[in-house]
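Derivation of every value follows stated rules applied to the coordinates shown; laboratory data play no part. This structure is a prediction, so every number in the text was calculated from the model and none was measured. Neighbour counts are summed over all protein chains in view; Cβ atoms, including those assigned to glycine, are modelled from backbone coordinates with ideal geometry.
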Protein chains: 4
Amino acid sequence: MQSGGSGRGLRCCRVHRVPMRDPGDTSSIAALIDSGAVEPASIVAILGKTEGNGCVNDFTRQYAVNALQRLLAGYLGTTPEEVGRKVAMVMSGGTEGGLSPHFVLICVEAAADAARWPKALAAGVAFTRKLEPEELGRMAQVEATAEAVRTAMIAAGIDDPADVHYVQVKCPLLTSERVADARARGRTVATHDTYHSMALSRAASALGVALALEELSGTVAEAAIGRDMSLWSARASTSAGVELTRNEVMVLGNSARWAGNLVIGHAVMRDPIDLPAVNAALETVGLAPRGQLDAAQQARVAAVLAKAEPPRSGLIRGCRHIMLDDSDIQATRHARAVVGGVIAGVVGRTDIFVSGGAEHQGPDGGGPIAVIARRG
Amino acid sequence: MQSGGSGRGLRCCRVHRVPMRDPGDTSSIAALIDSGAVEPASIVAILGKTEGNGCVNDFTRQYAVNALQRLLAGYLGTTPEEVGRKVAMVMSGGTEGGLSPHFVLICVEAAADAARWPKALAAGVAFTRKLEPEELGRMAQVEATAEAVRTAMIAAGIDDPADVHYVQVKCPLLTSERVADARARGRTVATHDTYHSMALSRAASALGVALALEELSGTVAEAAIGRDMSLWSARASTSAGVELTRNEVMVLGNSARWAGNLVIGHAVMRDPIDLPAVNAALETVGLAPRGQLDAAQQARVAAVLAKAEPPRSGLIRGCRHIMLDDSDIQATRHARAVVGGVIAGVVGRTDIFVSGGAEHQGPDGGGPIAVIARRG
Amino acid sequence: MQSGGSGRGLRCCRVHRVPMRDPGDTSSIAALIDSGAVEPASIVAILGKTEGNGCVNDFTRQYAVNALQRLLAGYLGTTPEEVGRKVAMVMSGGTEGGLSPHFVLICVEAAADAARWPKALAAGVAFTRKLEPEELGRMAQVEATAEAVRTAMIAAGIDDPADVHYVQVKCPLLTSERVADARARGRTVATHDTYHSMALSRAASALGVALALEELSGTVAEAAIGRDMSLWSARASTSAGVELTRNEVMVLGNSARWAGNLVIGHAVMRDPIDLPAVNAALETVGLAPRGQLDAAQQARVAAVLAKAEPPRSGLIRGCRHIMLDDSDIQATRHARAVVGGVIAGVVGRTDIFVSGGAEHQGPDGGGPIAVIARRG
Amino acid sequence: MQSGGSGRGLRCCRVHRVPMRDPGDTSSIAALIDSGAVEPASIVAILGKTEGNGCVNDFTRQYAVNALQRLLAGYLGTTPEEVGRKVAMVMSGGTEGGLSPHFVLICVEAAADAARWPKALAAGVAFTRKLEPEELGRMAQVEATAEAVRTAMIAAGIDDPADVHYVQVKCPLLTSERVADARARGRTVATHDTYHSMALSRAASALGVALALEELSGTVAEAAIGRDMSLWSARASTSAGVELTRNEVMVLGNSARWAGNLVIGHAVMRDPIDLPAVNAALETVGLAPRGQLDAAQQARVAAVLAKAEPPRSGLIRGCRHIMLDDSDIQATRHARAVVGGVIAGVVGRTDIFVSGGAEHQGPDGGGPIAVIARRG
C-alpha cells in the first residue's frame, strides 16, 4: 500500500512552519489556506510540537489532531475521520526550555514551474499491514517496518537509501485489551507493561528503518530490540500512539524526480550537547554556521527535526546529569530542553521540532537531527 | 567593613570546580583539601549549583550550606557558625536540562611563585551595614550596595570599574516578622508580599552594582526598582536569602596587584538563545570558540557564571515560549534549561553556574555571562 | 435574557453522572443517549471534572468542551457552535488525590409522570449582557451578575432565595487585547495582570451571587472585591474562562413548580478538613451519614459539588500546610486533593466535583458544598 | 542484638508530636528539651514527615536527619554519627494535600510515678545482621526481618504478637556499587534496577513482619515477594534508605510490663477512602468518632501512623483514578494526599504521619493505620 505520491510526473514538496497559540489553535493554518499559499488537498503530513508534557497524560496531542482534522474536513468537504486516513498527523508533546509550539506542514504538489535542481526534497508515505499485538516489539514489526520504508521510498521516487535523511514512523502500542486479545488466541506479547510497550514499539520500528536504509547489515536479533543500544539508525524518528494498529511511515529525502528549492540533510548528535553535529547537519544543506546562523541563513531553514534522550549512564561527558533521578520533572522533558537550547543557539530560532524517546535512534543519549532548507 | 584580601603583598586567586553527588555531598571538596590542593583557610567563597527547584521550597541550598559549614568547621577547628561568617556561600538551586550539580571554590593565597601577567583574577568581599526592613527594595539598599561594591573593589585591589567582570550579591528579604517590626516602628515597607520582596531586593541590589560600576550615570529613581527594565547591570548577579540582614558582596575582576594565570571577562546575553554573546564572553578571556571549544580550550575554562530569565514578552525572537504559562514547571526552571543548553553547546561542558531571577541583570529575558579561564 | 426553563407547565430536572476515560471521551454520554435514557435536547448543562492541572495551561477543559459540542451537534443536527450557545459547559480541571474524572449532565424535561413532592430540584439559566473589559472585577460585574441570578431564579421558578442551593457562574477574564481595547477607549481596567483578572472576575461574580441571594445586605464596596474575605456566598461557585464576554449563570434549587424525586441542599466547609459540614450538607437532603454512607444511601447521591482553596494563613487549625510554598505543585491542586479526600471518605465515592479558586465562595480556606440526592 | 529497652523494671513510653518550620528546623524539639519536658537520652526514635516529594530526589529526609543528629549530639555531648547509631530516625517525605510537616518523638523512661493500666504503650528496637546485596528482596531478608521483629518484641516486653500494632522497618536498597560487589563474589541480585530494589526490600521486610506476627502461616515463597499482593501485614510500615546495610526494626505495642497512659491500636484501610477503617482504628484505643473527633478526643490522639498507595487496578470502587497515569505528579503523592484527607477529616488534625510505598502492607491500594492515644 502506498500514498503521498503517484510517481507520475514531476512533483514538488513544500514545507510551511506556522505557530500555534494553543494546542487547539489552527488559525495560522487556516490563514495559509485562505491566502492561497497552501492548497488543502496538497497536505500529506502535519508535524506538530505541542505544549503538553509529552508523557502519558499529554492530551494536547490528540486535542491538536482533532482540531486539525476538523479544520481540514471543512476545507476538503469531508469528515474528520477521512482526513485522519489521508493526512499523517505526528504530534509531539513538550516545548520545554525555550522551544516554541508550532506546526510543520508537508505539502506535495505538481512541480509546475518549480525551481529545478539535480535533486530536491521528496516525500513518500506508506503503511504496514495491521500488526497483531503479539507482533509489537518483535521481529515481525521490525520487518514490516523495513518493508514499509522501502515502499515509501518508492512512493518518494528515491532509489538510493543514502538519499533518505529522515523517516518518521508512528507505531501502535499494547493496551490491556490488546494483550487480552493476544492471550485469547494463545499468543504471548513482548511485555505486559503497556507503558513499556511504547518503548519496544518505537525500538522495533527504528530497527526496521535501520535495516531498510542499510544502516545495519543483515538482520538483528529479536533480543536486541530495546536492549542493544549499539544498534541504531541515524535517520529514524519513531513515536507510539494508542490510536494505531499499523505502522505509518513517512520518508523524507532528496530525489532527482522532484523539483523545488528545498533540500534535506542530517547528522547524528552523540550526546545532548553535541553542537558540532548541529553544525554538520546545517552544512549538509549548504548552510555555513559560524556561531549562530545570520538572518539570511536563518530564513533559509524550513524545518529542524531532532530527537532527544537522557543518557542512561547518568553522565554527560563525565558530569552527572539529574534527568533520571528527578521525580518532579520527567527525564524526557529535561532532554528536550537542553537539546532545544543547543540547537536554538546555533539556528537562532526556537520553533524546532525536538521530540523525546529515541530508542535505537542515534546512540544512547544522542539522536538524529535533520534539517530542511531552501537553497541559497 | 571589608575582608577577603588584606591589600598587602601580592595575592593569587585560585578557582576549583568539583562535582557533588547530592546536595549534602562535600566529599570532593574534602578530597581536594586532603590531597593538599586546597588550603581550607584560603577559601573565601563557595558557589554551588544544587539540584533543587530553585524556588520557594528548595531546601537543597541550605542543606548544602549546612554540609559545607560542617566540613570546613572540622578542618578549621571552629564552629559551623563561624565558618558562615568567614566564607561566602552562594547556593543556586536548579540544574534543569543537562546542567550538572557542582561547587566552585574561590581561594585567595599569597602569590608566592604564581605566574605573573599584567593583570590577574582578583577577588574582594565586603558587606553593607545591617539593612532595616523598610530599606529593602528601596534607594537605601541601592546606595548601600553601591558603597559595598566600591569597598569590595578596594579589597580586590581594583581601581577601574571596567576591570570588574562579576559581582555576586546576596541580599535579605522581607518576612512577616520583619514587616511587623517595621510597622511597630511606624515605617512602611516596599511590599507586603514576602515572595515579591525577594525580587525587589535582588532588583535594588543589581541597581546598586550598576551605579558602583558606572553602568548607569547619576542615580536611579526609587520607582524604577523592579519596574524599569531598561536599566541594568552587565555584571551583577544577585540572589536573596532569608538568613541575611545585610548585603554580602563579592567582586571578581582583573588586577595588576594579583598574580596567577586566571583571568575573567564577561558579556551580556540579550535573550536566552544569544549564542554570539557566549562566544564573546569566551573571547574576552582569550578563548577562540569555533563551534564548540576543543578539548584544550575546554580545559582552560575554570568557571562559567550566567543568569537566566524568561522574557516577559512571552516571545523569543517572535516565537512564543511557554515558560510563563506553565503551571507544572516554574518559568525560571525553563529559563535555566535553555540557557544552560546554549552555553553547554559552546563550552562542551555541563558544570556551568546558571542561576535564575535576573531583575536589572542584563536586559529583560537576557542576563550577564562571565567566564574565568586559565591563560593559554 | 433567559433560557433553561419555559416557566409553563410542570418540569422535571434529571441528573446523570457518567465517567470519562480521557478528556476527549464522550462515549458514556453517547451510550446514555443511545439507550434512550437521555434525550439530547433536554440537556441544559454539563459539568465536567477533567484530569488537567486546573491552572493556566490546562487544555483538557477546552478539549472536553470541543468533544461534547461535536457529540451533541451530531445528535441534534446542528453545529458545535450552536450547541455552545444552548448548553452550558462547565469544565473544571484537576482530579488530584483520588478524584475521578466524570461528567454531570443536567437535563430538563416535561414532568409527565415524574414523582411529586412539595418541592423538587429546579434549574434555571441566565446570562448578563456583554461585559466590557473595564467592568470586570468591578461593581458593574457584581451588579450584572446579581441581576442575572435573579433572572435565572425566575427561569427556575424559585421565588425565595433560601430555596437556591448552588449557583454556577462562568465569567470572562482580561486578555492583553481586551486591556488594549479598554485603553483605546480611554478606560482603565481593574488589573493589568491577566492571571489576576481571573481571580477578580470570580470574586466579583461571587459577590453578585451573594447580593442576589441576600447573603449580604445592602451592597458591597468595590474595594472589597478580591480583598475583604469576610464577605462570601455559601452557594456561589464561579470560574473564569477566556472564551466568554458575559457571565453565564446556572441556578440550582428546590421549587414547588418542579416534579421529580431529586432535591438539593448545601452547607459550607469552614476549612479543608471540615467533615461535619460534609455531613450537614448530606443531612439537608435527607441522608444520614454515620461514618461513611452505606451502599443504599450512596446510591441516592446524584452529585456532589464543592469548592476548595488553600487557607491564606498557611495554617489548618494551627498546623502548617505547605500548599502555598510548593513550587512543584500548584496550591489549588493540593486543596482539591485534601477536600476530595474528606468528602470521598464520607460519601464513599470519588466522582465528586471539587473545583478550585473560591474567592468570596465560603470563608478563606473553605468553600460551599452542595449535594443533589434522590429522595429515599 | 537489641536496644531500646532494658527489660528490667517498669518502663514508660512517651510520645511527643511537634511541628517543623522547614526540614532543617529542629527548634521545637530543642524547646521541648530546654523546657525539661523531654530528656534527650530518653529519645529512642524520631519519625518525621517532611515536605519533599517522597521520591528519588527528596533530600529533605537526609537534611532533617542531619539537623536532628546535630541537635541531639549537642545535648548529649557526643557526635552526630553516634546519635545515628543510637536513635532510629524515620523520615518520610511528602505532605501533599493538607498534611502538615511534623516530628513524632518516641521516648522511653523509667516508669516512676507513671499511670498504671493493665497494659500500656511499649516500644522495642532491634536490628538484623548486615544483609548482603544478594540477600535483599529475597527470603534471607524476609527471615532476618522476622527474627529482628521477634527480638524487638522481647525488647518491648511483648509476648503475644496480637499485642503488636505497628512495626516500623527501615531497610537497605541496592546501588550500582552493591550490585557490582555481589557480582564480584559470583552472586546474583534480585534486580538490577536500583529504584525497583527499594520496592523489593520494602516488600521482603513487610513479609518478614507478617511472618513474625503470625499474620501469615508457615512461610512464603520467594517468588511472592513484591508480586503476590494477597499476602500482607496489617501492622508493617517499611521504608528503604540508601544509608543502611541492615534492617532496623521498631515494634510498638501494648504490654503489661510498661506504665503510662498511652495505648496503641490499629486497623487496615482496604482502599484510599476507607473511612470506616479510620474509625475502627480510633475505636481500638477507646475513642468514639461520631463524624469528626470533638476537641476533647482530638487532644487524646498522640499520633496517627498510616500507609498509602495507589490501587494498581486504576480504580477506586469502580471509579477511575488518575494517579498512575499522571506524569506531572508521582502516584504516591496523590495517594498520600487523598488518604491524608480522609484521616484528617475524621481526626480533625493534619499532623498525621502518612507515608507511601505499601508493598505487602495492607491490601493493594490500602494500608495499615495505627493510632496512639492517651486514655480518657
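Could you list, in their original order, any pairs among D:LYS119/D:LYS170; D:LYS49/D:LYS119; D:LYS86/D:LYS119; C:LYS49/C:LYS307 whose Cα atoms are separated by more than 22 Å? Listed pairs above 22 Å: D:LYS119/D:LYS170; D:LYS49/D:LYS119; D:LYS86/D:LYS119. Given springs between every Cα pair under 10 Å in a Gaussian network model of chain A, which of A:ARG21, A:ARG320, A:ARG333 has the largest fluctuation? The residue with the greatest mean-square fluctuation here is A:ARG320. As a length-normalised measure over Cα pairs under 8 Å and 6 or more apart, the relative contact order of the range A:117-174 settles at 44 percent.
Select from chain B the helices, each a whole stretch of DSSP H, whose alpha-carbon atoms run 18 Å or more along the helix axis and whose Kyte-Doolittle mean is at least 0.5; answer none if there are none. Result, helices passing both filters: B:139-155, B:194-212, B:331-347. Computed on the range C:54-125, with alpha-carbon pairs under 8 angstrom and 6+ residues apart, the relative contact order is 28 percent. Here the ratio of the Cα radius of gyration of the range B:165-267 to 2.2 N^0.38 Å is 1.25.
Distance between Cα centroids, the range B:49-66 to the range B:11-26: provide it in whole Å. Result: 16 Å between the Cα centres.
Across the alpha-carbon set of chain B, the Rg to Rh ratio works out to 0.94, Rh being the Kirkwood radius. Considering only beta bridges that DSSP places wholly inside the range A:8-105, some 55 percent are antiparallel. Taking amide H as placed 1.01 Å from N in the peptide plane, A:ILE352 has its amide H under 5 Å from the amide H of A:SER100, each at least 5 places away in sequence or on another chain. What is the percent of Cα-Cα separations in the range B:214-308 that go past 16 Å? Within the range B:214-308, distances greater than 16 Å cover 69 percent of Cα pairs. The average projected area of the protein assembly as shown, computed from the convex hull of its Cα atoms over all directions, is 56.1 nm². Chain C holds its axis-closest Cβ, relative to the rotation onto D, at the residue and whole-Å distance C:GLY341, 1.
Could you tell me the calculated FRET efficiency between C:SER42 and A:ASP113, based on Cβ-Cβ distance and R0 = 45 angstrom, to the nearest 0.05?
Efficiency at R0 = 45 Å is approximately 0.15.
The residues packed around B:ARG185, meaning those with a beta-carbon under 9 Å from its beta-carbon, carry a net charge of -1 if Lys and Arg are +1 and Asp and Glu are -1.
With the biggest extent put first, the Cα atoms of the range D:1-139 measure 46, 41, 33 Å across the principal axes. Here the Gaussian network model covers chain A, with springs between Cα atoms less than 10 Å apart; of A:ALA223, A:ALA146, A:ALA67, A:ALA223 fluctuates the most. In order along the range C:35-43, phi translates into HN-Hα couplings of 7, x, 5, 10, 8, x, 6, 7, 6 Hz, rounded to whole numbers, per the Karplus curve 6.51 cos²θ - 1.76 cosθ + 1.60 with θ = phi - 60° and x for Gly and Pro. Rounded to the nearest 0.05, what FRET efficiency do A:ASP294 and A:ASP159 give with R0 = 35 Å and r taken as the Cβ-Cβ distance? Could you check? The value I calculate is 0.45. Using +1 at the Cβ of each Lys and Arg and -1 at the Cβ of each Asp and Glu in chain B, identify which of B:VAL278, B:ALA203, B:SER355 lies farthest towards the dipole's positive end. Comparing the listed Cα positions along the dipole, B:VAL278 ranks first.
Largest mean-square fluctuation among A:SER100, A:SER35, A:SER355, in a Gaussian network model of chain A whose springs join Cα atoms under 10 Å apart, belongs to A:SER35.
With label points set 7 Å from Cα along Cα→Cβ, the inter-copy distances at A:PRO118 are 5.1, 9.4, 9.8 nm, sorted shortest first.
Based on Cα contacts under 8 Å between residues 6+ apart, chain D shows a relative contact order of 21 percent. Inter-copy label distances for D:GLY74: 1.9, 6.8, 6.8 nm (label point placed 7 Å from Cα along Cα→Cβ; shortest first). Excluding C:ARG116 itself, what net charge comes from residues whose Cβ is under 12 Å from its Cβ, given Lys and Arg +1 and Asp and Glu -1? My count for the surroundings of C:ARG116 gives +2. Look at D:HIS192, C:HIS360, C:HIS16 and count the other Cβ atoms within 10 Å of each Cβ; fewest to most, that gives D:HIS192, C:HIS16, C:HIS360. Amide H to amide H distances under 5 Å link A:GLY365 with A:ARG312, where only residues 5 or more positions off or on other chains count and H is placed in the peptide plane. Position A:SER230: other-copy label points at 4.6, 6.2, 7.7 nm, ordered by increasing distance, label point 7 Å along Cα→C-beta. Converting phi to 3J(HN,Hα) with the Karplus coefficients 6.51, -1.76 and 1.60 and the offset θ = phi - 60°, the range D:292-306 yields 9, 3, 6, 4, 5, 6, 4, 5, 7, 7, 8, 6, 10, 10, 9 Hz in sequence order, with x at every glycine or proline.
Normalised by the empirical 2.2 N^0.38 Å for globular proteins, what value does the Cα Rg of the range A:85-195 take?
Against the empirical 2.2 N^0.38 Å value, I get 1.39 for the range A:85-195.
For the range C:232-244, the Karplus equation 6.51 cos²θ - 1.76 cosθ + 1.60, evaluated at θ = phi - 60°, returns couplings of 7, 9, 8, 9, 7, 9, 10, 9, 9, x, 5, 7, 9 Hz by residue, with Gly and Pro reported as x.
For chain D, DSSP calls about 70 percent of its internal beta bridges antiparallel. Put simply, the range D:243-376 fits an ellipsoid with semi-axes of 27, 19, 12 Å; these come from the alpha carbon gyration tensor as the roots of five times its eigenvalues, largest first. Under a 5 Å amide H cut-off, with hydrogens placed 1.01 Å from N, A:ALA256 pairs with A:ALA120 among residues at least 5 apart or on other chains.
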